[in-house]
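To start, the structure itself, in structure tokens.
The values are calculated or read from the model by the stated rules, or taken from the named source; none is laboratory data. Values in this document were obtained by computation on a predicted structure and should not be read as measured data. Every residue, glycine among them, receives a Cβ derived from its backbone with ideal geometry; neighbour counts consider all protein chains shown. In case anyone asks, the SASA skips ligands and DNA or RNA and just uses the protein heavy atoms, side chains included. Shrake-Rupley method; radii C 1.70, N 1.55, O 1.52, S 1.80 Å.
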Amino acid sequence: MELLIAIMVGVLVAASVYLMLARNVLRFLFGLILISNAANLVIFASGRLTPQSPPLIPEGADAPVELVANALPQALVLTAIVIGFGLFAFALTLVYRTYQNLGTLNSDEMRLAEPVEAKAEARK
Amino acid sequence: MAKSEAEVARVYGGPAGWISVAIPAAIFVWMLQYMGAVAAGQPVLVGIDWVPSMDIRLSVLIDGLSLTFALLISGIGTLVTLYSTKYLGNHPEYPRFVLFLMLFMVGMLGLVLSDNLIALFVFWEITTISSYLLIGFSSDEAKSRRSALQALLVTGTGGLAFLAGIILLGNVAGSFELSEVLGQGDVIRAHPLYPAILILFLAGAFTKSAQFPFHFWLPNAMAAPTPVSAYLHSATMVKGGVYLMARMNPALGGTDAWFWALVIAGGFTTVFASVLAIRQTDIKQVLAYTTLMALGALTLFIGAGTAAAITGMMAFLVVHSLYKAALFLMIGIVDHETGTRDVDTLRGLGRKMPLTFLGGAIAALSMAGIPPLVGFIGKEFLYKAGLDMDRATLWITGTIFAASALMFVAAGISVLRPFTGKLAQTPQTPHEGPWAMWIGPLLLGSLSLGFGLFPDTLEAWFVAPGTWAVYGDYGYAVDLYLFREVNAAFLLSLATFATGAVLYAIHRPLRGWLGRVFEANPIKFDPGWDRVLDGLKALAGWQTRLLQSGVLQRYIFTVFLTLAVGIGATIWAKDAMDFRIDWVGSVEGLQFKHWAVVVFVTAGAILTAITTSRMTAIAALGVVGIGVALIFIIFSAPDVAITQLLVEVLVVVLVAVAMLKLPQLGLARDRKRRPVHAALAGTIGVLVTMVMIGVVQGNIDRRLTDFFEVASWPEAYGRNIVNVILVDFRAIDTFGEIAVVVIAALAAYALLRGTRYDRNGDKPEDRT
């Protein structure tokens, strides 16, 4: 299954890179969502996949009795999901505000900080 | 503020003035106490640990070479600072000048006294920086600023090379302490890194001491006030490179590479500079070029490397510092009192400025090498060493002959012409300068005479201990004398005088002719320097425009391309994919749900990438998110799956809400670049898959997991191991995570509530 996941993650990453290369910042944002999913899967699968045995300690025992899933990547992924969400929410707000102020979602047209004319002058 | 300060009449520059004189004087007296031990051939070595972890010590090595330098630095420093109280005492920026000068003196003393190479480098850079500040002291003049920057860039670049050389040498010798490094000459010279070390050290020394082809910055550095020229760019700082070569002679010297590099560069600089000296009409420039000549000669004789050559080098080092500092100070007085330094304007100053004339005249006689002045001894011993060489005899002796004859002419130009003859009209009416100014040339002149008459003192104090330190043999008997017999060296001296006298007689037509020759020469170093700088700027501009295009898409493309090349090159270079993949085993036992979820996620991702509809994209993103949550559920991560589901729902809701205010997706204009983007995206996807396969094929380190499994209940009383990790073992991480979310929320809130701007970035007045 890990190999299958590896191929799937490859597709996820390819799709997100493709999206992030677009000039439309909304598509960039979609790419951002996909790539954080892909990253989470990489961490999760790197800790090996164990079906039907969550990392719990049964009542009365001091440690898991039989083999359970790797708890460490789960904890890491949990944190990553939340932080990824924070990043996404902020980026979405930024896109929204940018559109309100500049009237465009095309990153080529967002040139307030580095206007094309100033660059042409600097070239002289 | 500055103006009112300038109006206050200051006696000898005020407190800044007399403190600046007292410090070098005190150091000079302090250093004298080591004379006894050093003259007896016993170097003093003391120090404390500075950065012990990096093997850097603040240690001091006082032997003949470093003590000679230290006494020159502090002694001439005293005279120069005293001189400056009058020369610049009323300048509004005088205290700043004193600060820079003191900074330089500390750097220079540290440079010559440090036993640790790293500390030596730090002091070396202090002299570079203070030299920059002092050359650019008249910072309102473009010429000063250019000269200062030029000196900084040339010597600073050399300094970086020097640092690299130090690090290599430290690794080869196993220590940064000179006292240990110098004893390992054989190990260092036999090491394969020796050529690299040599080149790097010489790059530092040649730039610092303005050896050809790095000579051009020194004449420009004369834009500095004259006391600075006398001190830094004649007597001390430019000799830093000479000091370094002399110091490293026992460790790096004695090889063919060392010999030819120094002999050729030094010899060429010597002749080249003394010819250029004759060409100048500004007396300060004449002196600047004769300084170059002296530096060349010192380099030449360090390279020659015989005991006699080192003796001649040490004698000439002291001799040159004495007469050249005196001459610089002299021309400073002339400039100060007459308002010009032009050799064709100045005539007959001798009667108006008798004491300046006296000091300058003795120094000039010493520079011309006329007995009984010490300059004669310096020249004689250079000849003697040159004639005794077993190789390159003609080159070395001829070089010194040409340079000495031209030195004779330069001495005439800088003193004989301005001070004798009929008084000429000058911008200011000439009169004698204050005592604080003429005492310097007079005292230095007296020393030139005194050491000439008593060469044994010069020998015992400076030349013999210095020669021992540089030559590395404390048994060598140095014997300095003024005149003993008529030998080849003496006859050469007589020939020098004759040639010099003839050249002096015709020096004005000669100057015109030299001017035309150099005009016709296509290789010009100073304009060439400008072209190098322009080229550097153009290169910087070109690569900035290339990398910093201002287009977000290109930045992201560059980032991903770098990622792809980095991962791909690493996999290729490390041959990381060198294992067999068990495809059949990996899909064995997979159930329908496994296949279904993989197909779902893959299809969702592809659909998101290719669709032109926003709603389709959101739906596809939802499919991917739910699919990932299903994977978490199937593979025993219920907590992660719950979080993923919650977040996924929130993401879709947020995007959907935002969509109400956002336009449709447009794709048309990206069409041309899409194949390239798809290729890059595909490459990165394949690389990530390869890396991940590599990871899951390898062994897993479960130590941390095992610890958490065993420790969760006994130590934290939690049965859900993932939860225990989050809220107990890694609680600070979780706290940080919460902080990130809060900051994101605050920032989003600020964005939504903040001032609105229109398309031009202006703040519309009418909106609220």
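Evaluate peptide B:698-705: per residue, the Cβ atoms of other protein chains within 10 Å of its Cβ; return the mean as an integer.
3
Compute the FRET efficiency between residue B:508 and residue B:355 as 1/(1 + (r/R0)^6), taking r as their Cβ-Cβ distance and R0 = 30 Å, and round to the nearest 0.05.
0.60
Would you calculate the separation in nanometres between label points at residue B:746 and residue B:710, each defined as 7 Å from the Cα along the Cα-to-beta-carbon direction?
Here the answer is 4.2 nm between the modelled labels.
Looking at B:81, B:116, B:66, which one has the Cα that reaches farthest to the positive end of the dipole of the stretch B:32-119 (charges on Cβ: Lys, Arg +1; Asp, Glu -1)?
B:81
What accessible area per residue, rounded to a whole number of Å², is obtained for chain B using a probe radius of 1.4 Å?
Computed with neighbouring chains in place, this is 43 Å² per residue.
For residue A:28, what accessible area in Å² do you get when you roll a 1.4 Å probe over the heavy atoms of the protein chains, rounding to the nearest 10?
60 Å²
Once you list every other residue whose beta carbon is under 13 Å from the beta carbon of residue B:232, what net charge do they have if Lys and Arg are +1 and Asp and Glu are -1?
Overall, the nearby charge balance is +3.
With +1 on each Lys and Arg Cβ and -1 on each Asp and Glu Cβ, and nothing else charged, work out how big the dipole of the stretch B:172-299 is about its Cα centre, in Debye to the nearest 20.
340 debye
Report the net charge of residues surrounding residue B:307, where surrounding means a beta-carbon distance below 10 angstrom and charges are Lys +1, Arg +1, Asp -1, Glu -1.
Here the count lands on -2.
Let me see the pair-distance distribution of the protein assembly as shown: every alpha carbon pair, 20 Å bin width, integer percents in order.
Computed distribution, short to long bins: 13, 31, 20, 23, 12, 1.
Using a Förster distance of 56 Å, how high is the FRET efficiency between residue B:577 and residue B:474, based on the Cβ-Cβ distance and rounded to 0.05?
Result of the calculation: an efficiency of 0.30.
What value in Å³ per residue do you get for the convex hull of the alpha-carbon atoms in chain A?
Output value, Cα hull per residue: 145 Å³.
How big is the charge dipole of the protein assembly as shown about its Cα centre, in debye rounded to the nearest 20, if each Lys and Arg gets +1 on its Cβ and each Asp and Glu gets -1 on its Cβ?
3240 debye
So what are the ³J(HN,Hα) numbers for the stretch B:220-227, from phi and the Karplus equation (6.51, -1.76, 1.60; θ = phi - 60°), rounded to whole Hz, Gly and Pro as x?
Ordered by residue, 3J(HN,Hα) equals 5, 5, 6, 5, 5, x, 4, x Hz.
Per DSSP helix of 4 or more residues, -39500 (n - 2.57); summed, then divided by the residues of chain B. What does that give at 222 nm, rounded to the nearest 500?
-23500 deg cm²/dmol
What is the mean projected area of the alpha carbon convex hull for the stretch B:196-265, to one decimal in square nanometres?
Projected over every direction and averaged, the Cα hull of the stretch B:196-265 covers 4.6 nm².
For the B and A pair, go ahead and give the buried accessible area with a 1.4 Å probe, both sides summed, in Å² to 100.
Chain pair B/A: roughly 9100 Å² of buried accessible area.
Quickly work out the residue B:393-to-residue B:596 label distance, labels modelled 7 Å from Cα along the C-beta direction, and quote it in nm with one decimal.
10.2 nm
Gaussian network model of chain A, Cα springs within a sub-10 Å range: biggest mean-square fluctuation belongs to which of A:52, A:74, A:100?
Its mean-square fluctuation being the largest, the pick is A:52.
Ignoring ligands, DNA and RNA, what percent of the 1.4 Å accessible area of the stretch B:84-157 is carbon and sulfur?
67 percent
How much solvent-accessible surface does residue B:746 expose, in Å² to the nearest 10, with a 1.4 Å probe and all protein chains in place?
Residue B:746 exposes around 110 Å² with every protein chain in place.
Report, to the nearest whole %, how much of the accessible area of the stretch B:547-673 belongs to carbon and sulfur atoms, 1.4 Å probe, protein only.
Heavy-atom surface of the stretch B:547-673 belonging to carbon and sulfur, 1.4 Å probe: 71 percent.
Compute the orientation-averaged projected area for the stretch B:134-204 from the convex hull of its Cα atoms and round it to one decimal in nm².
Averaged projected hull area, Cα only: 5.4 nm².
From the P(r) of the stretch B:520-602, can you give the percent of Cα pairs sitting at distances over 16 Å?
In whole percent, the long-distance tail amounts to 78.
Tally Lys and Arg at +1 and Asp and Glu at -1 over the other residues with C-beta under 13 Å from the C-beta of residue B:452: what net charge comes out?
Local net charge: -2.
For the protein assembly as shown, with the dipole built from +1 on Lys and Arg beta-carbon atoms and -1 on Asp and Glu ones, taken about the Cα centre, which of B:17, B:476, B:555 lies farthest toward the positive end?
Ranked along the dipole, the leading option is B:555.
About the Cα centre of chain A, what is the dipole size in debye to 20, counting +1 per Lys and Arg Cβ and -1 per Asp and Glu Cβ, all else neutral?
640 debye
Need one value for B:655-663: mean number of C-beta atoms belonging to other chains within 10 Å of its residues' C-beta atoms.
Per residue, the average neighbour count from other chains is 4.
With a cap of 14 neighbouring Cβ atoms within 10 Å, and only residues DSSP puts in a loop, list the trypsin sites (Lys or Arg not before Pro) found in the stretch B:265-357.
Here the trypsin sites (Lys or Arg not before Pro) that fit, given the DSSP loop and packing criteria, are B:351.
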